[in-house]
Amino acid sequence: MKIQFEQTIIEKIVIHRIGNKNENQGIELSHSEVLIEDEHTKNILLSFFLSPFKAPDLYQFNLEKISDEDSVLQSITRMFDFEQEFYVQSANIAQKLYAVSNHPNIKQGELYVVYFRNCEVDENLVDAIGIFKSENKDTYIKVFQDGENFGVEHERGINIKKLDKGCIIFNVESETGYAMKILDNTNKQNEALYWIDDFVAAKKIENEYFNTSTFLQICKNFTENVLTEKNNVEKNEQLGFMNKSYEYFKENNYFDEIDFKKNVIGNPEIIESFDSFKQNFEENYEIQPKSEFEISPEAVKKSKKYVRSVIKLDKNFHIYVHSKPEYIEKGFDSNRKMNFYKVFFEKEE
């Protein structure tokens, strides 16, 4: 699904302030929509709301977990169907967010509910509703002129390049939970999961990007948790598995798990261990297993960060392993009482 915002404009916006329920900070509801007549301010807000959404991940409302009528999904549907209810439903959304803001680490902040026009989704212009929250404030220096002199003062405000949380719901595929993008720049600890899980109640759409990135994540976790020196797996074998996995996805357009196991893993014992690890991963994250799918080049490119190619030896040497980990052997010299690597090669370049 291709999404662009070149023609997007802000139609309506309401701002509420949401506190931490655990600390009884309450909520402050605005009594009306915000009227913004200055075009420059509108453009700044558009950039603030939309520019952070660069990741290709797509989400949808998790219909299996939304049972009550008092949900963000219901409010969004009412807004799309009855635009005159925009303000009322924005207040309902604010109440819903406050109800789940009960972890002590959740900060007070402004909630923005925005109605967008002309979002381009697969070359079609559609409406969208954005829900954003700003929590962190920065200090700014303000220089002003006072007669023939200059003065300096400071202000606390929102950094327009640092949106904390947000989601944009597009008015497409409503029957399956709409399509949306989600952002959570403060999601470093479990308490921040409330934004996606408890508030929006969303899940990732399992498309080719999702399938590709998920399988490469499984490979990475398998390398870090199973292919370890504790399990008698040498460092070169660890690096080799992840590198070969990445190269497989990079060189192919279509993923076939049987072919992957044959050409990347090979060893029947490791294949059995990988199957067990993959099954546990899918069960823990409630993912439907996929054995064949189209490979997303964008997901492969983003997963390049998983690939490590360096074996660091004390502070003296680095060995770069790009491929052929079987050409490296590790041993121990009993005379020197030191480990060593033996490297085989055909020619020196």
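All of the numbers you see were taken from the coordinates with simple rules; none came from a lab. All values derive from a computational prediction rather than experimental measurement. Glycine gets a Cβ as well: all are built from the backbone with ideal geometry, and neighbour counts include every protein chain shown.
As a proxy for reagent exposure, ranking Val14, Val233 by other Cβ atoms within 10 Å from fewest up yields Val233, Val14. Net length available on complete extension from Val233 to Ser32 is 66.0 nm, with 0.36 nm assigned per residue and the Cα-Cα distance removed. Exposure proxy shown here: for Ile15, Ile141, Ile131, the number of other Cβ atoms within 10 Å sets the order, fewest to most, as Ile141, Ile15, Ile131. Toward the positive end of the charge dipole of the chain, with +1 on the Cβ of Lys and Arg and -1 on the Cβ of Asp and Glu, the farthest Cα among His103, Gly130, His16 is that of His103.
Multiplying the residue separation of Asp68 and Ile258 by 0.36 nm and removing their Cα-Cα distance gives an extension gain of 64.2 nm. What is region 91-239 by shape, rounded, prolate or oblate, if you read a ≥ b ≥ c off the alpha carbon gyration tensor as root eigenvalues and call it rounded for a/c under 1.5, prolate for a/b larger than b/c, and oblate otherwise? Oblate is the answer for region 91-239, as a/c is 1.5 or above yet b/c matches or exceeds a/b. Compactness of region 127-166 was expressed as the Cα radius of gyration divided by 2.2 N^0.38 Å, which yields 1.77. Sorting the Cα pairs of the chain by distance into bins of 10 Å, from 0 upward, gives 4, 19, 24, 20, 16, 11, 5, 1, 0 percent per bin. Using the Cβ-Cβ distance between Glu153 and Ser51 with R0 set to 25 Å, the FRET efficiency works out to roughly 0.30.
Dividing the Cα radius of gyration of region 3-204 by its Kirkwood radius returns 0.99 for Rg/Rh.
The charge dipole of the chain, taken about the Cα centre with unit charges on the Cβ atoms of Lys, Arg (+1) and Asp, Glu (-1), comes to about 1560 debye, rounded to the nearest 20.
Picking from Asn284, Asn92, Asn221, which is most flexible by a Gaussian network model of the chain using Cα springs under 10 Å? Comparing Asn284, Asn92, Asn221 in the GNM, the peak value goes to Asn284.
Other residues within the sphere of radius under 11 Å centred on the Cβ of Gly109, judged by their own Cβ, net out at +2 (K and R +1, D and E -1).
Stretching Glu11 away from Glu251 to a fully extended chain increases their span by 81.9 nm, per 0.36 nm per residue minus the current alpha-carbon distance.
Take the chain and mark each of the chymotrypsin sites (Phe, Trp or Tyr not before Pro) that is in a DSSP loop with at most 12 other Cβ atoms within 10 Å; the longest unmarked stretch, sites excluded, is 83-284. For a modelled paramagnetic label at Asn43, 7 Å from Cα along Cα-to-Cβ, the residues of region 150-167 in reach, with backbone nitrogen under 18 Å, are 160-161. Which residue, His318, His16, His154, has the most motion in a Gaussian network model of the chain that connects Cα atoms within less than 10 Å? In this elastic network of the chain, the residue with the biggest mean-square fluctuation among His318, His16, His154 is His154. Per the Debye calculation on region 208-343 with a single equal scatterer at every Cα and no solvent contribution, log₁₀ I(q)/I(0) for q = 0.09, 0.10 Å⁻¹ amounts to -0.30, -0.36. The average projected area of region 34-149, computed from the convex hull of its Cα atoms over all directions, is 11.8 nm². Which value results for Rg/Rh of region 191-288 when Rg is the Cα radius of gyration and Rh the Kirkwood radius based on the inverse mean 1/r? That ratio equals 1.02. Here's the picture: charge each Lys and Arg Cβ at +1 and each Asp and Glu Cβ at -1 in the chain, and of Gly151, Asn118, Pro52 the one pushed furthest to the positive end of that dipole is Gly151.
Projected label points at Ala99 and Lys312, each 7 Å from Cα along the beta carbon direction, are separated by 4.9 nanometres.
Placing unit charges on each Cβ (+1 for Lys and Arg, -1 for Asp and Glu) gives region 208-343 a dipole about its Cα centre, and among Tyr254, Asn211, Leu313 the Cα reaching farthest toward its positive end belongs to Leu313.
Ignoring aspartates and glutamates fewer than eight residues from Lys12 along the same chain, the ones with Cα atoms less than 20 angstrom from its Cα are Glu28, Glu33, Glu37, Asp38, Glu39, Asp81, Glu83, Glu85, Glu110, Glu120, Asp127.
Remark: Ile106, Ile66 ranked as Ile66, Ile106, counting other beta-carbon atoms within 10 Å and listing the fewest first. Under a Gaussian network description of the chain, with springs only between Cα atoms under 10 Å, the residue in Lys330, Lys278, Lys235 that fluctuates furthest is Lys330.
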